[in-house]
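First comes the structure, then the notes that go with it.
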Amino acid sequence: MMKKIDSNIIDKIKSLKISTSTIIDILDGLKSGDVLSHQLLSLNITNYYTVGQAYTVQWRLVKKGKSITDKQPSTWEQVRQFLVPELNSADGLVYVAGAGDLLKHAALAGGMSCTYFQKLGFNAIILGGAVRDISELRELDIPVIASNIIPSDTQGAYCVSETGTSCRIEDNIIHTGDLIISDENGSVVIPFNLIDKVISEAISISSTENTMLTKIKSGQRLPELINETGRI
């Protein structure tokens, strides 16, 4: 069963809109965490900020069976788990799907499925590859973060191997339960066991950096502020 964090933590992060730049600085200091590919961008909305625990879907290539005469599963049987039927509610979660390397020639989701994911309660959708049906995606209130738009889908070529465990997007392994923070800078993954530590430090640093920014705008010199705070 997935470990949940206190919803108050997510609400706090949302209210402060702690930058992904601040988060990754902290993770770098802990020699942990990941930044997802710069090629993954919100394709439907701009000026967004989203946070939630990952719920993962792992895709893989469809392999032929031992015998070419054996009946193969239908394409629907191969992919239907991508709709995460095991979830009745996805409140506080971010849908994260990966297929290893970025899958740019086939969509990992489309307008109908992404609309369904929003209805389930997902805060965002992150796909390690393409998406389709951009006109429907533009009607959504949550960001759909993907590499590109393409009309073709995965059926017949790829299948879902597991959900609710982990998935891989390029060199990044995202585990269900990890915290995802995404803004216009990019998407950052905080390992579950570091969430409390990272967020506590991020809240403190965010306050310091906001004060620094205010002082810079009033005319104070940045080198002097860096010496005072140790932040940049």
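Going through Thr50, Thr46 one at a time, which residue ends up being open to solvent by 90 Å² or more (accessible area, probe 1.4 Å) and either among the β-branched types (Val, Ile, Thr) or without any contact (Cβ under 8 Å) to a residue 60 or more places away in the chain (or both)? Break it down into steps so the answer makes sense when it comes.
Working: Thr50 fails: open to solvent by 90 Å² or more (accessible area, probe 1.4 Å).
Checking each option against the conditions leaves just Thr46.
Report every pair of residues separated by at least 6 positions or lying on different chains whose Cβ atoms are under 6 Å apart, first residue within region 130-147 and at positive phi, second open to solvent by less than 20 Å² (accessible area, probe 1.4 Å) and not hydroxyl-bearing (Ser, Thr, Tyr).
These pairs meet every condition: Asp133/Gly110; Asp133/Gly111.
It is to be established whether one or more residues within region 6-20 are more than 24 Å from Leu213 (Cα to Cα), at pLDDT below 90, open to solvent by less than 30 Å² (accessible area, probe 1.4 Å) and touching a helix residue (DSSP H, G or I) at 6+ places or on another chain (Cβ under 6 Å).
Scanning region 6-20, I find no residue that is more than 24 Å from Leu213 (Cα to Cα), at pLDDT below 90, open to solvent by less than 30 Å² (accessible area, probe 1.4 Å) and touching a helix residue (DSSP H, G or I) at 6+ places or on another chain (Cβ under 6 Å), so the answer is no.
Can you tell me how many residues within region 180-194 are crowded, with 20+ Cβ neighbours inside 10 Å and out of contact with any Pro (no Cβ under 8 Å at 6 or more places or on another chain)? Full working, then the answer.
Taking region 180-194 first, the residues crowded, with 20+ Cβ neighbours inside 10 Å are 180-183, 187-190.
From the residues that got through so far, the ones that are out of contact with any Pro (no Cβ under 8 Å at 6 or more places or on another chain) too are 180-181, 183, 187-190.
Final tally of qualifying residues: 7.
Go through region 81-95 and report how many residues are open to solvent by 70 Å² or more (accessible area, probe 1.4 Å) and either of a type in the set (D, E, K, R) or within 10 Å of Leu120 (Cα to Cα) (or both). Talk me through it step by step, then tell me what you get.
Within region 81-95, the subset open to solvent by 70 Å² or more (accessible area, probe 1.4 Å) is 81, 85-86, 88, 91.
Checking the rest, the ones that are also either of a type in the set (D, E, K, R) or within 10 Å of Leu120 (Cα to Cα) (or both) come to 86, 88, 91.
Counting residues in region 81-95 that are open to solvent by 70 Å² or more (accessible area, probe 1.4 Å) and either of a type in the set (D, E, K, R) or within 10 Å of Leu120 (Cα to Cα) (or both) gives 3.
Scanning region 96-128 for residues that are assigned to a loop (DSSP other than H, G, I, E, B), small (Gly, Ala, Ser) and closer than 14 Å to Val160 by Cβ, which turns out most open to solvent (accessible area, probe 1.4 Å)? Step through it out loud before you land on a result.
Just the residues of region 96-128 that are assigned to a loop (DSSP other than H, G, I, E, B), to begin with: 99, 101-102, 108-110, 121-123, 128.
Then keep just the ones that are small (Gly, Ala, Ser); that gives 99, 109-110, 121, 128.
Pick out the ones that are also closer than 14 Å to Val160 by Cβ and you get 99, 109, 128.
Numbers: Ala99: 26, Ala109: 7, Gly128: 0 Å².
The residue in question is Ala99.
Quick check on region 210-231: of everything there that is touching a helix residue (DSSP H, G or I) at 6+ places or on another chain (Cβ under 7 Å) and either within 22 Å of Tyr49 (Cβ to Cβ) or open to solvent by less than 20 Å² (accessible area, probe 1.4 Å) (or both), which residue is modelled with the lowest pLDDT?
The first filter runs over region 210-231 and keeps only residues touching a helix residue (DSSP H, G or I) at 6+ places or on another chain (Cβ under 7 Å), leaving 212, 215-216, 222, 225, 229, 231.
Filter once more, keeping what is either within 22 Å of Tyr49 (Cβ to Cβ) or open to solvent by less than 20 Å² (accessible area, probe 1.4 Å) (or both): 212, 225, 231.
Working: Met212: 73, Leu225: 73, Arg231: 66.
The selected residue is Arg231.
Filter region 15-54 down to the residues that are under 12 Å from Ile126 (Cα atoms), of a type in the set (A, V, I, L, M, F, W, C) and out of contact with any strand residue (DSSP E or B) (no Cβ under 6 Å at 6 or more places or on another chain) and list them by number.
Within region 15-54, just Leu41 meets the criteria.
From Ser37, Ser32, grab the single residue that is in contact with an Asp or Glu (Cβ under 8 Å, 6 or more places away or on another chain) and modelled with pLDDT of 90 or more. Steps first, please.
Values: Ser32 fails: in contact with an Asp or Glu (Cβ under 8 Å, 6 or more places away or on another chain).
One residue alone meets the criteria, Ser37.
The values are calculated or read from the model by the stated rules, or taken from the named source; none is laboratory data. Worth saying up front: this structure is predicted, and the values here are computed from it rather than measured. Every residue, glycine as well, gets a Cβ built from its backbone with ideal geometry; the counts of neighbours run over all protein chains shown. The protein model used for the area step is the full one, side chains on, heavy atoms only, and it has no ligands, DNA or RNA in it. Shrake-Rupley method; radii C 1.70, N 1.55, O 1.52, S 1.80 Å.
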